[in-house]
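**Q** The structure under discussion is supplied below as structure tokens; questions concerning it will follow.
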Amino acid sequence: MKTTRIILLLVALGMIAVLYFLPKAVVENENQLTSSTPADAASTTANPHRATPKAIRSSINRLRARYLTEKSEEKNAIFADSLSGLYQQAGLFDSSAWYADKAATFFKTDESLFKAANAAYEAYTFSVDRDKQVAMAKKTQELFGRILDKDPDNLEAKTKMAMTYLSSESPMKGIAMLREVIEADPKNELALFNMGMLAIQSGQYAKAVEWLEKLAEVNDEHLQGQLLLGVAYMNQGEKEKARKQFEKVKKLDSDPSVQATADSYLDELK
């Protein structure tokens, strides 16, 4: 199995849990959430995979200048919230997390806290540096932990928090949390997908098939899940099932990257 192709496709489709795989987005600031402001995102050299679009770069420069000079905490929080969204669009996820955290610290609303937690989770997911990944995992756990303290039944928060433990010294804690989510909600797509993905990563293809087939029963059009199910079948030696899966993926999305990925697997099955 050529995992690079899976990575490229799943990241392109907005995959939210690419743990253990090599990420393709490079984050920006060196000091995570500890410095007064993150490094300047305007530099296109910060991300070798794609340059920041000019319009976004201009907006970042303008808002960041106002953030650095504005005296009103409320206005700065509004600027920080906008900058977080712009940095996310630019693929500079740790800067997005930094500003989202600043906004949440001021607003103190459930919505701003969840935005900050999701931004930290994205920064964790796409970090290429081990130290940064560890730092962002802790930040994610802190923020989602606060959400779960208020709302223990928030399964999205619990699922994402669980994924941060899987690259820590307590991976079984993450697995246990994912199982708790599925026990509470057997149709939880995010948890089912993550269990299937983790099973593939660890070479447990029979388990992967089990989880991903359950996901397919819940949502037959879950593109990432259908792709990984084909990969699981292929590694199980079930070539006909794998072939049908990749053909199905092609029907689900006409995007060229999806078509090319499915075709490459179909070529391997010939």
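**Q** Across the stretch 53-69, in residue order, what do the Karplus-derived ³J(HN,Hα) couplings come to in whole Hz, using 6.51 cos²θ - 1.76 cosθ + 1.60 with θ = phi - 60° and x for Gly and Pro?
**A** x, 4, 4, 5, 4, 5, 5, 4, 4, 5, 5, 5, 5, 5, 4, 6, 10
**Q** Under a cut-off of 21 Å between alpha-carbon atoms, report the lysines in cross-link reach of Lys54, not counting same-chain residues fewer than 8 places apart.
**A** Lys24
**Q** Follow-up question, since we're still on this one. For the stretch 163-270, what is the charge dipole size about the Cα centre, in debye to the nearest 20, if Lys and Arg each add +1 at the Cβ and Asp and Glu each add -1 at the Cβ?
**A** The calculated dipole for the stretch 163-270 is roughly 240 debye.
**Q** When a/c is below 1.5 the answer is rounded, else prolate if a/b is larger than b/c, else oblate, so apply that to the stretch 83-126 with a ≥ b ≥ c taken from the square roots of the Cα gyration tensor eigenvalues.
**A** Since a/c reaches 1.5 and a/b is larger than b/c, the shape of the stretch 83-126 is classed as prolate.
**Q** When the Cα centres of the stretch 57-130 and the stretch 214-270 are compared, how far apart do they sit, in Å?
**A** 36 Å
**Q** Using the Karplus equation 6.51 cos²θ - 1.76 cosθ + 1.60 (θ = phi - 60°), what ³J(HN,Hα) coupling, rounded to whole Hz, does each residue of the stretch 238-243 give in order, writing x for Gly and Pro?
**A** 8, 5, 5, 5, 5, 4
**Q** Of the peptides 172-185, 225-238, 95-108, how do they stack up when ordered by the mean number of other Cβ atoms within 10 Å, highest first?
**A** 95-108, 225-238, 172-185
**Q** Then there's this: I'd like to compare 143-151, 81-89: which one has the highest average count of other Cβ atoms within 10 Å, and what's the full order after that?
**A** Those peptides, ordered most packed to least, come out 81-89, 143-151.
Each value in this text was obtained by applying a stated rule to the coordinates, not by laboratory testing. Because the structure is a prediction, the values reported are computed rather than measured. Neighbour counts are summed over all protein chains in view; Cβ atoms, including those assigned to glycine, are modelled from backbone coordinates with ideal geometry.
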